[in-house]
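A short worksheet on the structure shown next.
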Amino acid sequence: MVGGAVRDALLSLPVQDRDWVVVGSTPEELVARGFLPVGKDFPVFLHPTTKEEYALARTERKTAKGYHGFAVHAAPDVTLEQDLARRDLTINAIAACALIDRSTGQFGTDVDLTPADLIDPYGGQRDINAKLLRHVTDAFREDPVRILRVARFAARFHDFSVAPETLQLMKDMVADGEADALVAERVWQELSRGLMDAKPSRMFEVLRECGALERLLPEVNRLWGVPQRADHHPEVDTGVHLMMVLDMAARQDAPLPVRFACLMHDLGKGIRLESDPNLIPRHIGHELRSAKLSKTVCERLRVPVECRELADVVAMEHGNIHRSADFSAAALVRLLERCDAFRKPQRFAAVLLACECDARGRLGLHESPYPPRQRLAGVLKAAQSVMTSVIAEAAQAEGLDGKKIGERVHAARVTAVAQQIQSSN
């Protein structure tokens, strides 16, 4: 047993998926035992009953830039130590002996490990105890995805630090253009997983420190150094605020679309004015700029539709939602319409959660309530109480067309919201 299952067992964390490496065998032998081949680039097989992954021990040799540029060698003479040497971090390069149950022919499933069970040629246990993310060998530099993986592990194990020599290696890889060779799908895969970890800010801090953030997400990277508004703690710049927002989203156990929307919502604050590029970026009107930049990022990284759409609404409307206590009933209904809240009320709830994370992601406000979330949920409920079908039937009986029907529905919703506001006051 190798990799994350061993690492998590040693950290007393739940073991989700187990991976196995098979030494001294061949594809033909595994197929003869009933294993199902599934690997495209290297020999990986599914166990006939458990469906867990079993990979033949292998070595890799770099042949070109990017993570596809590898020649894989899998053969019975490849040792376990050679297989572990190609892994990214020492904490992921620990193996545990697996005993075969001779009556069933299956490998043992115990993950209650003892030191005698472990094969740890690269000091993974030492680095777990020291809380260090350290690369195994210099072969780390051959796969640029590992830059993202280290950053993601920093978000998951946020009390671990990146070893100085590993961080320097990551910087060298970025300088050599390896990060530029990453394809969109892999970048999104690793970023989305890191966003869902316990402290997403750590992922972006590590990417920024090694220079990869500027290459992969320049729109986010340029937020550092942009001061907050005078009434929003000017001592904290926008990049730092963004990290606080992401961590607040994690505290709220927000789903991925909400966390991605939090990442995108303030991008426009990093744009300098073309009329005077020496001026600091402006906050006024940043919502539209943020929405445009968010769309650019989504297209470049091929972000899923659900994340794209929520990010767009949050970027455009978060300022209005923050200020919605001052809105009239008519303005509130127009806000609901722009957010498409009547057709997609669940998405609107996600919009409000993202806005709460933005508001509470500030110094001294982590535990503060966010009244607009509850208030606008109540406003939507009041507007939804309008019987639109009854209004439409009455209007059609009068010979009115679609536009006039829509106007009557809108007016009825405004009235319902006005009554709700009056009663709540």
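Worth pointing out:
- Residue identified as surrounded by fewer than 22 Cβ atoms within 10 Å (Cβ to Cβ) and either closer than 30 Å to Pro369 by Cα or modelled with pLDDT under 90 (or both) among Ala254, Ala250, Ala184: Ala250
- Flag for Arg146 being surrounded by fewer than 17 Cβ atoms within 10 Å (Cβ to Cβ), of a type in the set (Lys, Arg) and more than 24 Å from Ala261 (Cβ to Cβ): no
- Residue satisfying condition, being assigned to a loop (DSSP other than H, G, I, E, B) and touching a residue at least 60 places away in the same chain (Cβ under 8 Å), within set Val303, Val297: Val303
- Only one of the numbered conditions (1) buried (at least 19 other Cβ atoms within 10 Å of the Cβ); (2) modelled with pLDDT under 95; (3) of a type in the set (D, E, K, R) is not met by Asp176, and that is (1).
- Residues being at pLDDT 95 or above, crowded, with 18+ Cβ neighbours inside 10 Å and of a type in the set (A, V, I, L, M) are represented in region 360-378 by at least one member.
- Cβ-Cβ contacts under 7 Å between residues 6 or more apart (or on different chains), taken from a first residue in region 243-272 that is under 14 Å from Val303 (Cα atoms) to a second residue that is of a type outside the set (A, V, I, L, M, F, W, C), are listed as Leu256/Ser192; Pro257/Glu306; Arg259/Pro200; Met264/Ser290; Met264/Ser294.
- All positions within region 12-47 that are free of Cβ contacts under 8 Å to residues at least 24 places away in the same chain and within 21 Å of Ile94 (Cβ to Cβ): Ser12, Leu13, Pro14, Gln16, Val44
- Among residues of region 388-400, those that are hydrophobic (A, V, I, L, M, F, W, C) and surrounded by fewer than 10 Cβ atoms within 10 Å (Cβ to Cβ), counted: 1
- Selected residue (criterion: surrounded by the most Cβ atoms within 10 Å (Cβ to Cβ)) from residues of region 23-44 that are in a strand (DSSP E or B) and at pLDDT below 90: Val44
- Evaluated against (1) within 19 Å of Ala354 (Cβ to Cβ); (2) more than 14 Å from the chain's Cα centre (by Cα), Ala175 falls short on exactly one condition, (1).
- Search result, residues across region 149-162 that are of a type in the set (Gly, Ala, Ser), buried (at least 23 other Cβ atoms within 10 Å of the Cβ) and free of Cβ contacts under 8 Å to residues at least 60 places away in the same chain: Ala154, Ala155
- Looking across region 27-55, the residues that are at negative phi and of a type in the set (Gly, Ala, Ser) come down to Ala32, Gly39, Ala55.
- Conditions (1) at pLDDT below 85; (2) assigned by TED's automatic domain parsing to the domain that holds Phe327; number of the one not met by Leu353: (1)
- Given (1) within 38 Å of the chain's Cα centre (by Cα); (2) surrounded by fewer than 16 Cβ atoms within 10 Å (Cβ to Cβ), number of the condition Lys403 does not satisfy: (1)
- One residue from Glu190, Glu165 being modelled with pLDDT of 95 or more and surrounded by fewer than 18 Cβ atoms within 10 Å (Cβ to Cβ): Glu165
- Ala154 vs. criteria assigned to a helix (DSSP H, G or I) and either closer than 13 Å to Thr90 by Cβ or not assigned by TED's automatic domain parsing to the domain that holds Val15 (or both): yes
- Test for Asp197: is it part of a helix (DSSP H, G or I), closer than 25 Å to Val351 by Cα, at pLDDT 95 or above and outside the structural domain of Ile271 (by TED's automatic domain parsing): no
- Within region 406-425, the residues that satisfy the criterion of being without any contact (Cβ under 8 Å) to a residue 24 or more places away in the chain and exposed (fewer than 15 other Cβ atoms within 10 Å of the Cβ) are Glu407, Ala411, Gln422, Ser423, Asn425.
- Entirely in region 319-402, the helices (runs of 4 or more DSSP H) that have 2 or more residues that are of a type outside the set (Phe, Trp, Tyr), within 30 Å of Gly239 (Cα to Cα) and in contact with a Phe, Trp or Tyr (Cβ under 6 Å, 6 or more places away or on another chain): 345-360
- Residue pairs whose Cβ atoms lie under 8 Å apart, sitting 6 or more positions apart in sequence or on different chains, and linking a residue in region 117-141 that is at positive phi to a partner that is surrounded by 18 or more Cβ atoms within 10 Å (Cβ to Cβ), are Gly123/Thr90; Gly123/Arg134; Lys131/Phe157; Lys131/Phe160.
The values are calculated or read from the model by the stated rules, or taken from the named source; none is laboratory data. Note that this is a predicted model, so its numbers are computed, not measured. Note: ideal-geometry Cβ built from the backbone for every residue, glycine included; neighbour counts use all protein chains shown.
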